[in-house]
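Have a look at the structure below, then the notes.
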Amino acid sequence: MLFLAVFCGFLAENQREHFVEHQREKKLMESLYEDLKKDTADFINDRTWWNNAITRIDIIRMEIERPGSERNLLLLYRKAGGMRSYNSFQYHDRTIQQLKNGGNFRLVRNKAIADSLIDYDVYILTALKDIEAQSNAIYLQVNFMQDKIFNSKYFPALSNHPGFLLDSVFKIEPVVFDLAMVQKTDLMQYYNHLEFYRRISSYRIGAMKFFCGRAMMLIELLEKEYHLK
């Protein structure tokens, strides 16, 4: 009888531990679900931002290609001012960090979800971070070259910065936009940097589309496995 009582107690304790772990798994997956939805929203917004950046680059390069007398210098300055801005992806990895650092991956019973999550995390921390490093480097080079070509004090006015009156642009004498004094080698180097920046940006957009697809696949797996909505 004593043995039976001990055995039953062991089974009850084991059952309780399974229940507690299952509840913990469910909470972690609910948290992961919210993180992934934030990631997908950021991927979509970031792709829009970088598509606009590519359009900006194309306009600048097109204006540089024109003969000096045919350049729309106001447009060129306006788009160059926009090159000051930058956009980085924010990785919402709070739950993944809990799973990795707390040894909680063992709680994820669905192997497909665990494997997909590990792959997703590796993609973000390697491929995307590498793209961002290259993008950041060429961004700095582009802006270094812009400092040789443009007078940045006009950028805020031309971007309708809140600190400037909207009609202030029209009070600027066109001569300040004249690029005649700019060294041809500097202008060509700027043009080439923009081409590389465009290429990196295009690759970045493709990568974010891929990562977004992986995140959405994980979301679908979580919805099916844990009945989340």
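Tell me which helices (runs of 4 or more DSSP H) are completely within the stretch 34-147 and hold 1 or more residues being of a type in the set (Gly, Ala, Ser) and out of contact with any Gly (no Cβ under 9 Å at 6 or more places or on another chain), or say none if there are none. Even if it seems obvious, please write down each step before you answer.
On the way: elements: 73-82, 94-101, 111-123.
Fully inside the stretch 34-147 and qualifying: 73-82, 111-123.
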Residue hits (the stretch 42-74; among the hydrophobic types (A, V, I, L, M, F, W, C) and either more than 20 Å from Met188 (Cβ to Cβ) or modelled with pLDDT of 90 or more (or both)) are Phe43, Ile44, Trp49, Trp50, Ala53, Ile54, Ile57, Ile59, Ile60, Met62, Ile64, Leu74
Screening Ile124, Ile131, Ile64, Ile57 for residues that are within 23 Å of Phe196 (Cα to Cα) and more than 27 Å from the chain's Cα centre (by Cα) leaves only Ile64
The residue that is surrounded by the fewest Cβ atoms within 10 Å (Cβ to Cβ), considering only those in the stretch 69-115 that are hydroxyl-bearing (Ser, Thr, Tyr) and touching a residue at least 40 places away in the same chain (Cβ under 8 Å), is Ser88
Tyr33 fails exactly one of (1) in contact (Cβ under 8 Å) with a residue 24 or more places away in the chain; (2) closer than 20 Å to Tyr203 by Cβ; (3) not basic (Lys, Arg), namely (2)
Cβ pairs under 9 Å, 6+ apart or interchain, first in the stretch 48-68 and among the β-branched types (Val, Ile, Thr), second surrounded by fewer than 14 Cβ atoms within 10 Å (Cβ to Cβ) and modelled with pLDDT under 95, ordered by first then second residue, are Ile64/Met188
Q) Looking at the stretch 75-89, is at least one residue at pLDDT 90 or above, basic (Lys, Arg) and touching a Phe, Trp or Tyr at 6+ places or on another chain (Cβ under 9 Å)? A) yes
Selection from the stretch 141-167 of residues at pLDDT 85 or above and surrounded by 12 or more Cβ atoms within 10 Å (Cβ to Cβ) yields Gln141, Val142, Asn143, Phe144, Met145, Gln146, Lys148, Ile149, Phe150
Val182 fails exactly one of (1) in a helix (DSSP H, G or I); (2) free of Cβ contacts under 8 Å to residues at least 40 places away in the same chain, namely (1)
Within the stretch 27-67, of all residues that are surrounded by fewer than 19 Cβ atoms within 10 Å (Cβ to Cβ) and among the small types (Gly, Ala, Ser), the one farthest from Phe210 (Cα to Cα) is Ser31
Regarding the stretch 193-205, can at least one residue be identified that is at pLDDT 95 or above, more than 15 Å from the chain's Cα centre (by Cα) and of a type in the set (A, V, I, L, M)? yes
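The values are calculated or read from the model by the stated rules, or taken from the named source; none is laboratory data. Note that the structure is predicted; figures quoted are calculated from it, not measured. Note: ideal-geometry Cβ built from the backbone for every residue, glycine included; neighbour counts use all protein chains shown.
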